[in-house]
Amino acid sequence: MRALMAHWREYLIEAAALGYFMIAACTFAALLRQVADPMLRRGLMGLAMGAAAVSIFYSPWGKRSGAHINPAVTLTFFRLGRVAPWDAAFYALAQFAGAVAGVWLSYAALGRRLALPGVHFVVTAPGMRGVAVAFVAEVVIAAFLFWCVLTSAASPRWKRFTGLIAGALVATYIVVESPLSGMSMNPARSFASAFVAGDWNAQWIYFVAPPVGMLLAAQVFLTQRPGRTPPCAKICHVDGAPCLFCEYHSHV
């Protein structure tokens, strides 16, 4: 209850931010369905979703909550000792709830256009190369993104660009990697689409692979920097601003 009373605003921000991200994904997928060229369609979708992610990271609300918008990110920062246990649990619950709300709101607004082939509630699914390739691809993209986030955030010179780097990778992955796995990296994002669509085909991949990849990245980061404290769990950390993560770490 102490965590809930102290940090409920951050939890709501996480829910709203991922809800916004899912609304953007559903809306742009429906709008771009008519683009015939697959590469052009993925390129436009990548630009749109990369921009949506960056807008969350650098927004005033995103700077307050840290803009994890992903249970795998929260779990990995918890593993690094940068997130309190109850904050991690409430963040994950908020992220799942916000993602589902975002898809439901999109369905209410877009109607059957969200269910059409090629959109299908933006459900993530393995590509033509199968489940094994999709699993490995999700591990790799999640690991590289989180390693980049940690490395950038730990650098005084580069930390202000962490959100831009993450957004650029999201855009690139949608263009290049989505034919392999649908490009999730996010258990809550995949759960929300599967839940509303009622399509659970191979969804275990998106619950297992992103956390595995990010935890591997965290281990590599720790091995490269023995004895050094991992960076703050905010994607965009503002020096001197109140931070529930830094407050927790100062007391552990």
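None of the figures in this text is laboratory data; all of them are computed from the coordinates on show. All figures in this text were calculated on a predicted structure; none of them were measured in a lab. When we count neighbours, we look across all protein chains shown, and the Cβ atoms used for this are built from the backbone with ideal geometry, even at glycine.
In loop segments of the range 143-172 as defined by DSSP, the trypsin sites (Lys or Arg not before Pro) with at most 13 further C-beta atoms inside 10 Å of their C-beta are 157. By the Cβ-Cβ criterion of under 4.7 Å, the unpaired cysteines of the chain are 26, 148, 232, 236. Cβ-to-Cβ counts within 10 Å put 10, 138, 247 in ascending order as 247, 10, 138, the fewest first. For the range 124-233, applying the loop criterion from DSSP together with a ceiling of 16 other beta carbons within 10 Å to the chymotrypsin sites (Phe, Trp or Tyr not before Pro) yields 158, 200. Report, in degrees rounded to the nearest 10, the 0 to 90 angle that the Cα long axis of helix 131-153 makes with the longest principal axis of the chain. Taking the Cα atoms of the chain, the angle to 131-153 is about 40 degrees. In degrees between 0 and 90, to the nearest 10, how far off the longest principal axis of the chain does helix 204-224 point, with axes built from Cα atoms? Value to nearest ten degrees: 40. Here is the list for the range 50-150: trypsin sites (Lys or Arg not before Pro) lying in DSSP coil, each with at most 15 other C-beta atoms within 10 angstrom of its C-beta, are 129.
Here's the picture: a label point sits 7 Å out from the Cα of residue 128 along the beta-carbon direction, and within the range 155-190 the residues with their amide nitrogen under 14 Å of it are 179-181.
Ordering 235, 141, 174, 23 by the number of other Cβ atoms within 10 Å of each residue's own Cβ, fewest first, gives 23, 174, 141, 235. Between the range 188-209 and the range 52-97, how far is it from one alpha carbon centroid to the other, in angstrom? For the range 188-209 versus the range 52-97, the Cα centre distance is 19 Å. Modelled label positions at residue 224 and residue 116, each set 7 Å beyond Cα in the direction of Cβ, lie 4.3 nm from each other.
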